[in-house]
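The values are calculated or read from the model by the stated rules, or taken from the named source; none is laboratory data. All values reported here derive from a predicted model rather than from experimental measurement. Counting neighbours? That spans all protein chains shown, and the Cβs are built from the backbone with ideal geometry, glycine included. Surface areas here come from the heavy atoms of the whole protein model, side chains and all, with no ligands, DNA or RNA. Shrake-Rupley method; radii C 1.70, N 1.55, O 1.52, S 1.80 Å.
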Amino acid sequence: MRIILLGAPGAGKGTQAQFLMAKFGIPQISTGDMLRAAIKAGTELGIKAKAVMDAGQLVSDELIIGLVKERISEDDCKQGFLLDGFPRTIPQADAMKENGVSVDSVLEFDVPDEVIVERMAGRRVHASSGRVYHTTYNPPKVEGKDDETGEELSIRPDDEEATVRKRLAIYHDQTKPLVDYYKGEADAGQCSYLTIDGTQPVEQVSALIAETLG
Ligand code: AP5
């Protein structure tokens, strides 16, 4: 099963990726998490990506395409994968096609910008696992600690309101065109396409996805 999670920053892709990984036993490929890991490790990619990400801009298609290509060739992706944060531009989607990588389902999370800005203010993350929480809507069992490891949660540097608004503008300009792109693919019978009301509570969004994907 190959799934693309499509939606604005903060729409809930990473949150539902945790649910989908557990349900379908497929790995999450989060380009954002991969880039943050590269920054932490101080690799050449990380050094190139840091300033771009902190400013809320997109990393170049060339770097991202290379990163994803390498990742999906790994053994754990043979039974499928969950793309979270990729593709994010038309050239990235085209590159997938050109490399013969098809998808089964595209799940679009629809959430208004103002809801997103409010959500990001309360987001807390466990950086090494990619687990995501919210101080009000999806709190950890113990305040400020990851449920699995008990380690400290942190705030992402790009969650500051001005940066979030920049990321939203880039989403509308460069990523939103993928909605029509994949609706077209679905009309041509290449994949299924589902738009989900991402303003519903986390568990209801999960239930809706489970019902649709079977
Ligand atoms: P990335 O890490 O991919 O960030 P993003 O797409 O901006 O998405 P987020 O992780 O911010 O949000 P999400 O949809 O996963 O929401 P979440 O589940 O956390 O990318 C970061 C940067 O890396 C980019 O800006 C770019 O620079 C670079 N990059 C990455 N991929 C790239 C690519 N392909 N090309 C170029 N550059 C790339 O939820 C948000 C909050 O809401 C959480 O607190 C959560 O608990 C809460 N929440 C979730 N669902 C609900 C709900 N239903 N109700 C209430 N609260 C909810």
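Of all residues in the range 139-190, those being under 20 Å from residue 61 (Cα atoms) and part of a helix (DSSP H, G or I) number 17. Once the range 145-161 is narrowed to residues that are free of Cβ contacts under 8 Å to residues at least 24 places away in the same chain and open to solvent by 30 Å² or more (accessible area, probe 1.4 Å), the residue that is nearest to the chain's Cα centre (by Cα) is 160. Restricting the first member to the range 111-137 and to residues that are of a type in the set (Phe, Trp, Tyr), and the second to residues that are more than 8 Å from the ligand (Cβ to nearest atom), the beta-carbon pairs closer than 7 Å and six or more apart or on different chains are 133/139; 133/140; 133/153. Looking at the structure I just gave you, is residue 53 under 23 Å from residue 160 (Cα atoms), more than 7 Å from the ligand (Cβ to nearest atom) and surrounded by 20 or more Cβ atoms within 10 Å (Cβ to Cβ)? Here the answer is no, as residue 53 does not meet what is asked.
Among the criteria (1) within 8 Å of the ligand (Cβ to nearest atom); (2) among the hydroxyl-bearing types (Ser, Thr, Tyr); (3) outside any loop (DSSP other than H, G, I, E, B); (4) in contact (Cβ under 8 Å) with a residue 40 or more places away in the chain, the one residue 199 does not fulfil is (3). Close Cβ contacts (under 9 Å, 6 or more residues apart or on different chains) running from residues in the range 74-92 that are among the polar types (S, T, N, Q) to residues that are open to solvent by 70 Å² or more (accessible area, probe 1.4 Å) and within 12 Å of the ligand (Cβ to nearest atom) comprise 89/174.
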